[in-house]
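First comes the structure, then the notes that go with it.
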Amino acid sequence: MYDLAIVGGLLINSTSKSYKDIAIRDGKIVEIADQGYLDKNQLSKAEIYNAKGKRIIPALVEPHMHIKAPLGGTVDILDFDSASKCAAFGGVTTFIDFTSTLPGVPLLQSVEERKTEMEKSLLDYSCHCKVVSLITPELASEAMIAEWKYSQSKDPQDKAKVLEANSLIEKTINDRLEEIPKIIKNEGIPTFKLFMTYRKASVMIDDIHLLKVLDAVKKNGGRCGFHAENNAIAEYNEEIFAREGKLDWKYFPEYKPNLCESEAVNRVLHYAELLEAPVYFFHISTKESVEFIRQAQKRGVDVIAETCSHYLMLNKSYNIGEDGILYLMSPPLRSEEDQQALWKALDDGTLSLVSSDNCTFTRKQKEAPLGNGPNDFRKPISGISGIEERFTLMRWAVEQQKITEHQFVKLLCENPAKIFGCYPQKGCISVGSDADITIFDPEEVSRLERSDLHYPEELEYSIYREFEAKGKIVSTIRRGEFLVKDGLFNSEASHGMFIKRVIS
Ligand SMILES: [Zn+2]
């Protein structure tokens, strides 16, 4: 017997559309039939949901977000419960966050901690495993000082100290590398995130260690993803800009120019080529990076990349003026020319998906580190919301004919599920898949004023307030259960479950 049937709606997938009725049992899609042709014997006890006049798409997968993310001594305002609500109103039923790894902490420990935190989710969930600097700053400097002393003294006692420090480093690194197969195979987390910047916070991974991780992840069937920004350019410019008094928000994009991103992207592409390893790029923002990726793909490098909704919708003009502080994120917003290159790359497949990189801080939180001082882009907490807005923003893109409604499904549902290893369980509407379905009214306008959104009350602003589009979500279904039904949130919904992922 079926539990639920969605009837009368227009089903849109990544290649076609047609009027279909969909039957659900035990959280799975069990039958898809032409209208009026579902197996009547199975329907007697089913709830019938009338989707006449509505459109039906696979629920969205959010592959890049930061919830309960400690940053600059504070934490963003969402937890996995409140994030679930925002996400559900944005048509999302599966999200993938990150572990919060610190140097010296076992990766598996941070995976377990994150999984426990994510249990509160109403959405199904997973996380990417962050790999930050493999060794602590203490250990690194001890070894360097010992090497230096020995190079000067040639004293055997100093040599012993070198060996001791190096063997401790080797052990620490090997301990981390040995965790990688366990994380991929036992935990079902095949994707990792490495940072090429934030050296001062010990988040950046040394290039030699980066190669080791890239190789270990490749050998065990995983994929490394990168926050690609050249650390030297960022640190150097920070000093120069401070000296010249160019610290207002409007200078922020210049301090991390296009080259800052594209050099790091190109470097990783070369590493990927060297090791024949698959790679992923988070938040691609520049035309130069797009071109490097396009050329690498032509050479046969296994590279997949995303951009984020803010790079598509907003450009660096948003950093001008008092509200400029709200639009600080790394990489920074770019020019209109870059935006055009991103749209083109989504269209020709160079970029495969659009994430939100959601990280929601209040204006008060962002401004707090400034005290009563002048604007200083080095100080505020950066990050931008988007987990709820992404649906409407990309509907706007459909309306503007930047993408088709089929590309919408591909970029926000199908590709993230495929790339991150939970397809066809997620990301499509087909028999045997989880019944993760988003239903929207194509005629009703969705707005993004603050009062339209479901972020916690303390959030004072809406970043995308001037955007609106036809296509308002009426219902979001996760494994056959309504998270949002006819515009109302179901706070009684059961908890989500951890999704073990495998990538081919
Ligand atoms: Zn991010």
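General observations
- When the residues of the range 344-367 are filtered to those that are more than 24 Å from ARG299 (Cβ to Cβ) and free of Cβ contacts under 8 Å to residues at least 60 places away in the same chain, the one that is farthest from the chain's Cα centre (by Cα) is GLU367.
- Candidate set from the range 393-444 (those that are at negative phi and without any contact (Cβ under 8 Å) to a residue 24 or more places away in the chain); member that is surrounded by the fewest Cβ atoms within 10 Å (Cβ to Cβ): GLN400
- Looking across SER121, SER126, one residue alone is part of a strand (DSSP E or B), of a type outside the set (Asp, Glu) and touching a residue at least 12 places away in the same chain (Cβ under 8 Å). It is SER126.
- Cβ-Cβ distances below 6 Å connect the following pairs, each with a first residue in the range 475-492 that is surrounded by fewer than 17 Cβ atoms within 10 Å (Cβ to Cβ), a second residue that is at pLDDT 95 or above and not basic (Lys, Arg), and a separation of six or more residues or different chains: LYS485/SER475; ASP486/VAL474; GLY487/VAL474.
- Subset tally (residues that are polar (S, T, N, Q) and within 23 Å of the chain's Cα centre (by Cα)) for the range 471-487: 1
- Residue match in the range 203-213 (condition: assigned to a loop (DSSP other than H, G, I, E, B) and not β-branched (Val, Ile, Thr)): yes
- LEU134, sole failed condition from (1) surrounded by fewer than 23 Cβ atoms within 10 Å (Cβ to Cβ); (2) within 28 Å of MET196 (Cβ to Cβ); (3) not hydroxyl-bearing (Ser, Thr, Tyr): (1)
- Checking the range 228-242 against the condition returns no match, with no residue being farther than 30 Å from VAL502 by Cα, within 16 Å of the ligand (Cβ to nearest atom) and touching an Asp or Glu at 6+ places or on another chain (Cβ under 7 Å).
- Breaking point among (1) surrounded by 21 or more Cβ atoms within 10 Å (Cβ to Cβ); (2) at pLDDT below 95, for GLU147: (1)
- Criterion applied to LEU139, LEU177, LEU168 was being in contact with a Leu (Cβ under 8 Å, 6 or more places away or on another chain), crowded, with 17+ Cβ neighbours inside 10 Å and free of Cβ contacts under 8 Å to residues at least 40 places away in the same chain, and the one residue passing it is LEU139.
- Some residue of the range 259-270 being more than 27 Å from LEU346 (Cβ to Cβ), surrounded by fewer than 17 Cβ atoms within 10 Å (Cβ to Cβ) and either more than 16 Å from the ligand (Cβ to nearest atom) or not aromatic (Phe, Trp, Tyr) (or both): no
- A Cβ distance below 9 Å, combined with a sequence gap of six or more or placement on separate chains, defines the contacts here; from the range 223-252, residues that are without any contact (Cβ under 8 Å) to a residue 24 or more places away in the chain reach residues that are within 16 Å of the ligand (Cβ to nearest atom) and of a type in the set (D, E, K, R) in the pairs ASN237/LYS256.
- Scanning the range 97-131 for residues that are of a type in the set (Val, Ile, Thr) and within 16 Å of the ligand (Cβ to nearest atom), we see that the one that is farthest from PHE282 (Cα to Cα) is THR101.
- Considering residues of the range 289-313 that are out of contact with any Lys or Arg (no Cβ under 9 Å at 6 or more places or on another chain) and assigned to a loop (DSSP other than H, G, I, E, B) only, the residue surrounded by the fewest Cβ atoms within 10 Å (Cβ to Cβ): GLY300
- Residue count, the range 425-453 (criterion: farther than 29 Å from ASP3 by Cα and touching an Asp or Glu at 6+ places or on another chain (Cβ under 6 Å)): 4
- All told, GLU322 falls short of being closer than 21 Å to SER451 by Cα and either modelled with pLDDT under 95 or of a type in the set (Asp, Glu) (or both).
- Members of the range 32-73 that are of a type outside the set (D, E, K, R), more than 16 Å from the ligand (Cβ to nearest atom), crowded, with 16+ Cβ neighbours inside 10 Å and under 30 Å from HIS310 (Cβ atoms): ILE56, ILE57, PRO58, ALA59, LEU60
The values are calculated or read from the model by the stated rules, or taken from the named source; none is laboratory data. Given the structure is predicted, the values throughout are model-derived calculations rather than measurements. So basically every Cβ, Gly included, is an ideal-geometry build from the backbone, and we count neighbours across all protein chains shown.
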